[in-house]
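The values are calculated or read from the model by the stated rules, or taken from the named source; none is laboratory data. All values derive from a computational prediction rather than experimental measurement. A quick note on method: Cβ atoms are made from the backbone with ideal geometry, for glycine too, and the neighbour counts reach across all protein chains shown. The protein model used for the area step is the full one, side chains on, heavy atoms only, and it has no ligands, DNA or RNA in it. Shrake-Rupley method; radii C 1.70, N 1.55, O 1.52, S 1.80 Å.
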Amino acid sequence: MNNEKISRYLSQLADLLEFTGANSFRLRAYRNGSRIIKELPESIAGMIEADQDLTKLDGIGKGVAEKCHELVGTGRLKQLDEILETVPKTVLDLLNVPKLGPKKCAALFNELGIQSLDQLKAACEAQQVRLLSGFGAKTEEAILQGIAIAVLANERILWAHADKIAKDLGKHMSSCAAIRQSEFAGSYRRGKETVGDLDLLVDSDDSQTVMDHFGKYQEITSVIVRGDTKMSVRLENEFQVDLRVVPQESFGAALQYFTGSKDHNVLIRGRAKQMGLKVNEWGVFEVNDSDDRRVAGTTEIEVYESLDLPYFPPEIREARRELDWAERSELPKLIELADIQGDLHMHTTATDGKASIEEMADAARALGLNYIAITDHSQRVSMANGLTPERLLEQWNKIDQINAECGDNFVILKGIECDILEAGGMDLPDEVLAQGDFIIASIHYGQNQPRQQITDRIIGAIENPHVSMVAHPTGRLLNKREAYDVDIDAVFQAAKANHKLVELNANPIRLDLNDIHLLAAKTHGIPVVINTDAHRTQGLSNMRYGIKQARRGCLTAADVANTLPLAEFLKTFNH
Ligand code: DGT
Ligand code: CA
Ligand code: CA
Ligand code: ZN
């Protein structure tokens, strides 16, 4: 029972209690406890084992501590089990609808008897939802639109989440002696921003032993199907994992096949056919009347080689331009994490971050970076305690001091994530912006404005002479919120004309720009910056998610501005 699980149980308990109309004080305690425990460095189970008092932890009261003891002791919550006898678990899906908080979901359940997304959709279409107090026609429309996102959120998880599961399951599998080699294939290997299921491929002569071992993975809640060499299971969070066991001579072919994408494989098979060959998950074969002769299959490289093709990094196997590039020997050398020299978007305790300037700088230095920009929020973003001109200039003074004192080659740039106001224009005066090193423009309010208006706002910011970059240009939150209705081509044109940068925000829930946008930016010659937008020191490690996404966009180091040494970066992009 790790902290993450405890946290999940507590928040689920709070959510379900809401549906039963429980008192809000206890609800809030569980919710707070859930949030605190999720981020706690020390293990709750460890503390309990060492007989330590959990209520000594900030924000953990007696009620939450008791639930922790129960979870660690029994692996369950009796209260949760009891609620689930009267409230079906599917009501939790309602919470995935954007803008539907627990209170509204509870009202839908209690007053209209809505228990699932399907029922919610039907009720909206029958215009029943607008009749509830606190709702209305507009809310009903928004809910109807949001259901699509909620359905997707049920079906696909963030890549970062899949990565955690893959690493944990991989660790479990590593102790199975019957396995020669194994690899996760599918969309996970291709680095897709969300993953539908995991496809685990194993090279072994003893599939029964492998499947027995797989079946003992502790997160499995049910076995969907088990055959001779194939097995599918469901994990606790409803997530599916498919296992396939193949012989060594087919491992490369199977890896190629199950990595996909389907469309990439269609191209590969077409090419094979032209060459008189046949490709499937068992190998590459010369087609004969009598007997097919195997020409490749043990490794992926060999499979591609047999078709006169180079090895394609999994991230670009999407049937976009990879085969054309291969024909012309122009396959790009994709960017790697080690190419990154700086991180130009992060927050500190001055606004909604959790670490000081010095702490962020030290952490960035420890990661091998040579420069960062501190870019807190501007005044309009009041819920994040955004900076007024006075507070910003004070912070910039402090950064000058820190830079002067530290004396090594590491440099902190004076930046700001300046809000683009709802009516257009920047949240801070030009004479303030002019004193910074790296000015970011981004949208926080008026995200539902019509296409032309929101596009004009962003282009207006790009045209501001002090602005260097637009952050998270489309505003989408994966599984949570659609992108703004923005004309991204017009934004790219303005960026190109004004020699400005566009961001790839590496936060795994944003990954904004997406892969298609990135490929477009590359094609237009618009330099991208990959930033973490870290709000704590650990957040700086999110860079790797951005790198995955950048690789899916086929970006090379030369396409990404923060692979440059600082002097060159500033020479090119200091506005
Ligand atoms: P996902 O799981 O929805 O995120 O996406 P994938 O790409 O992992 O898809 P999945 O799990 O259905 O299948 C894994 C790979 O196996 C897929 O990328 C290509 C290959 N594959 C699966 N089914 C077929 C098929 O019917 N035809 C072909 N050509 N390839 C398939
Ligand atoms: Ca898959
Ligand atoms: Ca699958
Ligand atoms: Zn930010």
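Taking a ≥ b ≥ c as the square roots of the eigenvalues of the alpha carbon gyration tensor, the chain is oblate, as a/c is not under 1.5 and a/b does not beat b/c. Annotation: per residue accessible area for the range 77-197 equals 50 Å², rounded to a whole number [probe 1.4 Å, protein chains only].
What the range 337-569 shows is 37 Å² of accessible area per residue, with the surface traced by a 1.4 Å probe over protein heavy atoms.
The order of the peptides 385-395, 252-262, 319-329 by mean Cβ neighbours within 10 Å, most packed first, is 252-262, 385-395, 319-329. To put it simply, the accessible area of the chain at a 1.4 Å probe is 48 percent carbon and sulfur.
For Leu504, nonlocal amide neighbours, meaning residues 5 or more places apart or on other chains whose placed amide H falls under 5 Å from its own, are Leu513, Val529, Ile530, Asn531.
Summing Lys, Arg as +1 and Asp, Glu as -1, what charge do residues with Cβ under 15 Å from the Cβ of Met360 carry, Met360 excluded? Net of charged neighbours comes to -3.
Taking a sphere under 12 Å around the Cβ of Ile335 and counting the other residues whose Cβ falls inside, with K and R at +1 and D and E at -1, yields a net charge of +2. Ligands, DNA and RNA excluded, the heavy atoms of Glu336 present near 90 Å² of accessible surface to a 1.4 Å solvent probe.
Only helical runs count toward this figure. For the chain, summing -39,500 (n - 2.57) over DSSP H runs of n ≥ 4 and dividing by all residues gives -13000 deg cm²/dmol at 222 nm. Can you give the net charge of the other residues whose Cβ lies under 14 Å from the Cβ of Phe25, counting K and R as +1 and D and E as -1? Charge balance in the 14 Å sphere: +3. Which listed residue (Asn237, Ala319, Val491) has the Cα farthest towards the positive end of the charge dipole for the chain, taking +1 on Lys and Arg C-beta and -1 on Asp and Glu C-beta about the Cα centre? Selected residue: Asn237. Helices in the chain that qualify as membrane-span-like (whole DSSP H runs, Cα extent of at least 27 Å along the helix axis, mean Kyte-Doolittle hydropathy of 0.5 or higher) are 137-155.
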